[in-house]
Every structure is written in structure tokens, then in C-alpha cells.
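I have placed the structure first, in the form of C-alpha cells, so that the comments after it can refer back to it.
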Amino acid sequence: MNLKADKKIEQGLTFEAFEEVLSTRYSGSNFLYVKLSEKERKSIYKFYQGDNRISSVREEIVRRLSSS
């Protein structure tokens with residue numbers, strides 16, 4: 001079973017490349033991501049470096065939006 005939630009964002013991306021992948025491949029997550037401050041977006045990038053599953057990155061984006 002290959003659910004989208006199991007997909008991973010390629011490892012080792014620069015911050016700019018990470019943002020590009022979000023905007024081109026994960027538009028729903030990107031829609032929420034762009035609402036975050038630049039500082040929070042950098043924190044999401046650091047989070048991705050430790051856990052590159054899109055489901056985890058998406059949950060972290062939602063968590064940060066909920067707490068702001």
C-alpha cells in the first residue's frame with residue numbers, strides 16, 4: 001500500500017529547494033506553510049532535516065499554525 005502519507009521529501013535539500021518541493025508537489029501543505037513567519041518556516045526546514053516524511057512535516061506545520 002503506497003499512501004501519500006508514507007511519501008518522503010528527498011533528503012539533503014537546501015532551504016530554497018525544500019520550499020520549491022513543497023510548492024510544486026505538496027500544494028495543500030504549502031498553502032498552510034506560507035502562512036508561517038520566516039522564522040517558523042526555517043524551523044520547519046530544520047524539522048524536515050530530522051524527519052523527511054511529508055505526513056510528519058505536514059503535522060508540524062499544522063501544530064505551529066495552531067500555536068501561533
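With (1) touching a residue at least 12 places away in the same chain (Cβ under 8 Å); (2) in a helix (DSSP H, G or I) as the list, and residue 20 as the residue in question, which single condition is left unmet? All conditions are met except number (1).
A count restricted to the range 34-68 and to residues that are within 12 Å of residue 9 (Cα to Cα), touching a Lys or Arg at 6+ places or on another chain (Cβ under 6 Å) and of a type outside the set (Lys, Arg) stands at 2. Residues of the range 5-14 include none that is free of Cβ contacts under 8 Å to residues at least 40 places away in the same chain and in contact with a helix residue (DSSP H, G or I) (Cβ under 6 Å, 6 or more places away or on another chain). When the residues of the range 17-41 are filtered to those that are over 10 Å from the mean Cα position of the chain (by Cα) and of a type in the set (D, E, K, R), the one that is nearest to residue 6 (Cα to Cα) is 25.
Taken together, the values in this text are just the output of simple stated rules run on the coordinates, not laboratory data. Since the structure is predicted, the reported quantities are computational estimates derived from the model, not experimental observations. Cβ: placed from backbone, ideal geometry, glycine included. Neighbour counts: every protein chain shown.
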